[in-house]
Amino acid sequence: MTMTFYTKEHEWVKIDGNIATVGITDYAAHQLGDITFVELPAAGKTVKQFDVLCAIESVKAASDIYAPVSGKVISVNEALNASPEIVNSSPEEEAWMARLQMADPAETSKLMRRERYDEYCKGL
Amino acid sequence: MTVTGNRADGGIRRIYNVLQIGYSEAPGNPPKGRNAMEPLRETPLVGRHRDRKALMAPFGGWNMPIQYEGILAEHRWCREKAALFDICHMGEFLFVGDIIGGGLEDIFTFSVATIPEGRSRYGFLLNEQGGIADDLIVFRLAPDKAMIVVNAATSDNDFRVIGSRLRDGALLTDISAATGKLDPQGPLSRDILTDLLGPEIASVPYFRFITMDLLGSRAIVSRTGYTGELGYEIFLPSEKIVELWDLLLADPRMKPAGLGARDLLRLEVGYSLYGNDLDETITPLEAGLGSFVDFDKRFVGKDALLAQRVAGCRRTKVAFRMDSRRSPRHHYEIWSGGAQVGTTTSGGFSPMLGCGIGLGLVAPNAATIGAELTIRHDNVSMTASVCGLPFYREGSVRR
């Protein structure tokens, strides 16, 4: 069974067993506007929770994307290299950025579920 | 995720502030001559922009539309069809008097007296040090009449400076509030304006204008713009602007575009943006715009430019293309051969070229075409190569 969590920095993470798939939320994609570049992390890279995972650029701004959980990058979404606009058209489905082998399942306690995240966005 | 942008202080911005990046003067850094606490000004079209759910942001002291449906879509529409820009924020001054006797001839880096009626000319208002106080266009309306069109953020200061340099008998009036300006730009703009406004539009050449009756008022329709495409700037009394906006957008070939698309469009053809590529500390010679300086006439700042011409510029404008889709942005460092040689003044993603492009000021020996540069910001390092201008050469501007 998969569970999806959200960060205050607008990343989502889908957890399936010990595999964590990471992307940015619809809210974030909309706020950034047209995405022009995604810097994917290197496979094998190890990150700690809330450390910089990779970077994204839109016509308006450059942003860092943080790892919602600690782990090791096992694969990345190469389609984003040629077509970063997928982040605008399908931010929470097709435009996943990296899959991590999760180090500590307990870290999800520091993340939000959808309802709380939606409320958090309303307050911004 | 955390957002950083085109900020001088490199400050971290939260995602919900992203829209201000690159387009605003941050609090504490207000446009020259304007109080930071002063409320943002609004154009007559603010209601229309809200109706379209445009994303609005501060620009030059004004609350302006940055985008409607999206920057890239609006950029494409302007390159392929025709886009309409609300440019009511820009300043307009009316000069009445003897051009030479009244002193107007000696103020700008170009001659006003030699502009034929019905034509316009681009150039600079300089300070005593040769720094650019503003870049502007003068329209010669009549033997004793000229309209000066200036940037929004510098408008108040320009009016003071120009006024202080005029002689008795000349009259300068700030007509900005009473004057609206709409820019229809794009390869289909001539066809659309000819259909909607009249056949006389079809024969206006580049950098010429006509005056005509439009919606019951006198309008100036000028073949100028800021996109690199065939296009016009229409000056009309403010109270008629909503009506003209609605009229032009009733044509399905025309769509509104915001300042986000405008910035990409101008950057792709290498036009300088005041406040980024030009400011009071940069001379026209450094900015690569010496061709808009007439050394055969008098103007404030001439001595400084002559001295700089003899001594050589310590920095020069450079244009560069990234080797990836990464965008350089304002105030990034430019490195060459292991040393910092300058900073970027503008940057973004070029949809037409499919890569990042930028402008900067660098040491002259780093600006050779083809030379490799490294663009740095925080922990990011990107490779670029020096190129010529414009970046995008297929525009319809002179068609």
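So, in segment B:179-208, of the ones that are open to solvent by 30 Å² or more (accessible area, probe 1.4 Å), in a helix (DSSP H, G or I) and out of contact with any Asp or Glu (no Cβ under 9 Å at 6 or more places or on another chain), which residue ends up farthest from B:VAL242 (Cα to Cα)? Of everything passing the filter in segment B:179-208, B:SER203 is farthest from B:VAL242 (Cα to Cα).
Within segment B:333-384, the set of residues being assigned to a strand (DSSP E or B), loosely packed, with under 14 Cβ neighbours inside 10 Å and within 26 Å of the chain's Cα centre (by Cα) is empty. Looking at the structure I just gave you, is B:GLY123 closer than 25 Å to B:ILE210 by Cβ, in contact with a strand residue (DSSP E or B) (Cβ under 6 Å, 6 or more places away or on another chain) and open to solvent by 10 Å² or more (accessible area, probe 1.4 Å)? Answer is no for this residue. The condition of being buried (at least 21 other Cβ atoms within 10 Å of the Cβ) and in a helix (DSSP H, G or I) holds for only one of B:ILE148, B:ILE162, that being B:ILE162. Restricting attention to segment B:243-269 and to residues that are surrounded by fewer than 21 Cβ atoms within 10 Å (Cβ to Cβ) and assigned to a loop (DSSP other than H, G, I, E, B), the residue that is nearest to the other protein chains (Cβ to nearest Cβ) turns out to be B:VAL269.
Can you report the number of residues in segment B:315-332 which are away from chain A (no Cβ under 14 Å) and either over 25 Å from the mean Cα position of the chain (by Cα) or on the phi > 0 side of the Ramachandran plot (or both)? The number of residues fulfilling the criteria is 0. For segment B:124-132, the criterion of being farther than 21 Å from A:VAL59 by Cβ, touching a residue at least 12 places away in the same chain (Cβ under 8 Å) and among the aromatic types (Phe, Trp, Tyr) is met by at least one residue. The set of residues in segment A:98-120 being open to solvent by 40 Å² or more (accessible area, probe 1.4 Å), of a type in the set (Ser, Thr, Tyr) and under 16 Å from A:ILE24 (Cα atoms) consists of A:TYR120 alone. Residues in segment B:199-224 that are among the aliphatic types (A, V, I, L, M) and free of Cβ contacts under 8 Å to residues at least 60 places away in the same chain: B:ILE201, B:ALA202, B:VAL204, B:MET212, B:LEU214, B:LEU215, B:ALA219, B:VAL221. Within segment B:103-114, not a single residue is touching a Ser or Thr at 6+ places or on another chain (Cβ under 6 Å) and either assigned by TED's automatic domain parsing to the domain that holds B:ARG262 or open to solvent by less than 10 Å² (accessible area, probe 1.4 Å) (or both). Return yes when B:LYS240 is among the charged types (D, E, K, R) and assigned to a strand (DSSP E or B) and no when it is not. Here the answer is no, as B:LYS240 does not meet what is asked.
Within segment A:65-97, restricting attention to residues that are polar (S, T, N, Q) and surrounded by fewer than 19 Cβ atoms within 10 Å (Cβ to Cβ), the residue that is farthest from the other protein chains (Cβ to nearest Cβ) is A:SER75. All conditions in (1) within 14 Å of chain B (Cβ to nearest Cβ); (2) in contact (Cβ under 8 Å) with a residue 40 or more places away in the chain; (3) aliphatic (A, V, I, L, M) hold for A:ALA62, with the sole exception of (2).
Residues that are open to solvent by 50 Å² or more (accessible area, probe 1.4 Å) and not in a strand (DSSP E or B) within segment A:1-18 comprise A:MET1, A:LYS8, A:GLY17, A:ASN18, listed in sequence order. Annotation for segment B:78-101: at least one member residue is among the acidic types (Asp, Glu), buried (at least 24 other Cβ atoms within 10 Å of the Cβ) and not in a helix (DSSP H, G or I).
Residues that are within 21 Å of B:SER324 (Cα to Cα) and not aliphatic (A, V, I, L, M) number at least 3 in the following strands (runs of 3 or more DSSP E) confined to segment A:19-124: A:35-39, A:52-58. Tell me, yes or no, whether segment B:332-340 has at least one residue that is within 21 Å of B:ILE282 (Cα to Cα) and among the hydrophobic types (A, V, I, L, M, F, W, C). Checked segment B:332-340: at least one residue is within 21 Å of B:ILE282 (Cα to Cα) and among the hydrophobic types (A, V, I, L, M, F, W, C).
The values are calculated or read from the model by the stated rules, or taken from the named source; none is laboratory data. Predicted, not measured: the structure shown is a model, and the values here were computed from it. When we count neighbours, we look across all protein chains shown, and the Cβ atoms used for this are built from the backbone with ideal geometry, even at glycine. Surface areas here come from the heavy atoms of the whole protein model, side chains and all, with no ligands, DNA or RNA. Shrake-Rupley method; radii C 1.70, N 1.55, O 1.52, S 1.80 Å.
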